[in-house]
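Remarks on the structure that follows.
The values are calculated or read from the model by the stated rules, or taken from the named source; none is laboratory data. Bear in mind the structure is a predicted one, so any value in this text is a computation, not a measurement. Here the Cβ positions follow ideal geometry from the backbone for every residue, glycine too, while neighbour counts run over all protein chains shown.
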Amino acid sequence: MSANTSNGIRLSRRRFLQVLAGAAGALVVGVRFAEAGEPPLPPEWLGNDFHDLGAYVRIDSEGNVLIGARDPDTGTGVATALPMILADELDADWNRVSVVHLGLGVEAGNDGHPLWTYGRQRGGTGDSIPAAWADLRLAGALARWLITQAAARRLGIAADRLRCEAGTVIAPDGRRVTYGSLVDDASKLDLPTHAPAPKPPQRYTLIGKPVGDVDAHAIVTGQAKYAIDHHEAEALVAVLSHCPWPDGSLASIDTAPALAVKGVVKVLQLKPEADQPPGHTVIAPAVAVLAESTWAALQGRDRLKLEWKPGPSAAENSAALEQQATALLDSQSAPTTRVRDDGDVEKASKYAAIRVEATYYQPWLAHACAEPMNCLVRIDKDKASLVVPTQSPQQACAVVQRLTGIAPESIAIRVPRVGGGYGRRLDHDYVAEAVLLAKAANKPVRLLWTRGEDFTHDYYRPASVHKINAVIDHKRNLAGWNQRIASASALAGRGVPADRLWSSEVSADQLPAGLVPNFRSDWYAQQSALPRGPHRAMPHLANAFAAESFIDEIAHQLREDPMKTRLRLLGEPRSITLQGGGTLDTGRLRNVLQLVADRIDWKDWLHSVNGLGIACWHMDGAYVAHAIETSLQNDKLGIERVVCAVDVGRVINPLGLEGQVAGATLDALSTALNLAITTRDGKVQQHDWKAYPLASMAQLPNSVETIIVPDDGRPPAGASFLAMPTAAPALANSVFRVSAVRVRRLPLMREFLRLS
Amino acid sequence: MAPAQAHGTPAVPESGITPVAVRSGIAVEINGERFVHTGDPQMPLLWYLRDVLWLTGTKYGGEHGENGADLVLVDGKPVSAIGQPMNRLADKRITTVEGLAANDGTLHPLQQAFIDEDAIGCGYCTPGWLIAGVALLKRKPHPDDSDIDQLPNSCRCGVQTRVRAAIKRAAAGKAGPA
Ligand code: FES
């Protein structure tokens, strides 16, 4: 049986809406990413190997619907939301839908570059839904069109008089035909010349309805297999001991006691390769113990006698870096980059009625993924297969290709559900390690990072110091805002030009940019040897804490209700063009702010025994606000209520969105309350959960009251970390109300105890 | 496979092959099934479950089990599986997340409540919450907020409020093991 690829509708130069002909007894429809004239579809697509399906839908003759979710699901719910979009267009019966987590879709390209069959495949970056929204609807609409055409022929009724509902085509006279009985006919029809139009939003049946996580049953019964749960009978388990310094080296090693452990097979060394960007090679020198079981490998590692020689980074410590940053901001030196300069801040300063100044300190952060770094890899002569917890299987593939020379189309990468990502798994140092070890040992390897390695060898969120000066004019308006930020860019060493290194540290459009006539934002580069990388809601997490705390401080100086200060600042509802593209709709921002204020009874702000705090933010076309109520009893701080409102445009799965909002809120509170990574003599001090204590159940609020602004036909914006930035400032602002302690340094709990 | 002594002492066969001696080991009951661990008696239960039995619902969270991902029930009490060497578990009754549902697949009310409340982020920590929650409901079928506050688990994805709701939902319905 040969695949017919001519059956496609061109959507763009390299995207085709396609029907897979000859898919025995099934209708398979999808969007295919390819250059024209690409090789035929792999024969596996015709069989039962659903993993090779793509961002596609397959309807079999029994009426079962299988949908592939292309982006890794790190807990963001995309494996539920993406298939919902397609299923709705198809008018499928959601109870008959199964979802598969797709592995990497890669084929040989004509020019030596790989072809990514499913287009982008990336998770946990907050853009999965916006990126797939149009294509998934088109694929669903085409499948429904074909089924309806087949039904029209069978029933002898014009297709436009038929309607579809939950996997059934219904005629005006009440006759019903199931999708399953139509797929054979439908798969043989000629395609329309243009892609059939997707449904009007009024006809959505699934989009906008609450749907539980597709993996929920597997997860609660312990059947869900993460990468770490995969085994291969022949594989050796590898456990590592990394050098505490990325630029250190091995001074001495005695492997004998490790090798004496029953089950230990080999001890191997790993070294970072020169001139490789972060994430493409080993993060630090390491010694690996390979054994027949995890227990043997762990015992072997504990018996290794290692001495590491420090590199230049051993001179670094986080407290000194912070002092350096403060000194830099206090000096009159020119910034590394002037990110934005509206109006004339110097001139505005001359006419100041009130000046406000504050400095905020935020620590290094780890990713602390629940599932530690791990990777199962098998390398045969000219092919490789991996199971990887990754946010970017294409990046993982590139690392394997570079280290093995194996062609991308011969590298199979499976990505089961991932136990958290938050940006950590956009880097693939652990994949590089597993591949190097499998090559050296000539055996499949199952690499496991212990928690200590995970905490001490992360790509951290850099610490930052923010110093902000504001000028209030005689009309009590905010006339000038001059913010200066010092940090070690997370993009340094990643091939990003020097004049763009600021972009991981500050956004040109972040509040209150665009709202203050004289606005300046300067960034000062710091040097650090600590590996750094993308982190959840970066750079907004750190910047919102500083800016939204500072607006509260301005309100305090003005002796004004901070809600009123914010509303005055936002002004009339209007659209402001952003420098980075898109617009800021101040009406939508006002709306989320007002919603949380109303819900938390903000009118009691002045007289409430408890403290009320508020904050708002916008990012990537979405809007968020938090209002938080804290209490203080016998010096014990308690979070009594948390309200969060979000406006993300069209909502695909409100239940999933609520989960993301509550989850990001709690994560941000946990981070703000307790978490910091510190270094001394170049070494990360936190080795376990005790030293990096995520908030306990008791520390966190009993509920997060979530308000979702009803969408009004705007396309969906990303939402997985939207609720991160405003939680910490709303908390700090409420703590100020209840205790008169202004916390300008995170983590909050430690600082609060120090100051109160 | 039936051990040799079940049939009494077999006669030495004519061929001269002597029967293999019965392997001694540590007998444990896991989710209602009997197992004999014949490896290193110091091996922690976590690695026995995950590496030997390939029963991977119980997760590795850290060297000391502080985040609760590796909780299991030993004789009904929640304990961290990485802190339990096999030689302390002889003849103990162990329940992992895989053993919470009834044999016919009926979920424990708390498992069902987790689904109903969508109390799932990445889901990696979920088995640990379930074990801790099931133990709590057994001890106290109608726990209040301060009881729930005592749960030892942590979660980076922020499922705590939804877990709280799920425990209350399970308590309001049918509490205790299915
Ligand atoms: S759900 Fe991801 S750590 Fe809890």
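A few notes on this one:
Conditions (1) within 14 Å of another protein chain (Cβ to nearest Cβ); (2) crowded, with 24+ Cβ neighbours inside 10 Å; (3) at pLDDT 95 or above, marked per residue:
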{"site": "A:VAL356", "(1), (2), (3)": "no, no, yes"}
{"site": "A:GLN362", "(1), (2), (3)": "no, yes, yes"}
{"site": "A:VAL400", "(1), (2), (3)": "no, yes, yes"}
{"site": "A:SER410", "(1), (2), (3)": "no, no, yes"}
{"site": "A:ARG417", "(1), (2), (3)": "yes, yes, yes"}
{"site": "A:GLU433", "(1), (2), (3)": "no, yes, yes"}
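- Residues of the stretch A:420-428 include at least one that is surrounded by 22 or more Cβ atoms within 10 Å (Cβ to Cβ), outside any loop (DSSP other than H, G, I, E, B), within 14 Å of chain B (Cβ to nearest Cβ) and at pLDDT 95 or above.
- Any hit, the stretch A:261-281, residues being part of a helix (DSSP H, G or I) and crowded, with 19+ Cβ neighbours inside 10 Å: no
- Any hit, the stretch A:255-266, residues being touching a residue at least 12 places away in the same chain (Cβ under 8 Å), away from chain B (no Cβ under 14 Å) and closer than 19 Å to A:LYS439 by Cα: yes
- Residue list for the stretch B:113-148, filter: within 14 Å of the ligand (Cβ to nearest atom) and polar (S, T, N, Q): B:THR126
- Residue in the stretch A:491-501 that is in the same structural domain as A:THR577 (by TED's automatic domain parsing) and surrounded by 24 or more Cβ atoms within 10 Å (Cβ to Cβ) present: no
- For the stretch A:678-691, the condition of being closer than 19 Å to A:ALA544 by Cβ, under 24 Å from the mean Cα position of the chain (by Cα) and not in a strand (DSSP E or B) holds for none of the residues.
- Of all the criteria given as (1) under 30 Å from A:LEU66 (Cα atoms); (2) buried (at least 18 other Cβ atoms within 10 Å of the Cβ); (3) away from chain B (no Cβ under 11 Å); (4) not hydrophobic (A, V, I, L, M, F, W, C), the one not satisfied by A:HIS230 is (3).
- The residue that is farthest from A:ALA412 (Cα to Cα), counting only those in the stretch A:355-386 that are within 16 Å of the ligand (Cβ to nearest atom) and not aliphatic (A, V, I, L, M), is A:HIS367.
- Within the stretch B:82-99, tally of residues that are among the hydrophobic types (A, V, I, L, M, F, W, C), without any contact (Cβ under 8 Å) to a residue 60 or more places away in the chain and away from the ligand (no atom under 16 Å from the Cβ): 1
- Residue match in the stretch A:689-709 (condition: away from chain B (no Cβ under 14 Å) and crowded, with 22+ Cβ neighbours inside 10 Å): no
- Residues in the stretch B:101-112 that are within 16 Å of the ligand (Cβ to nearest atom) and at the interface with chain A (Cβ under 7 Å from one of its Cβ atoms): 1 in all.
- Exactly one residue among A:ALA486, A:ALA490, A:ALA508 is within 21 Å of A:ALA320 (Cβ to Cβ) and not in a strand (DSSP E or B), and that residue is A:ALA490.
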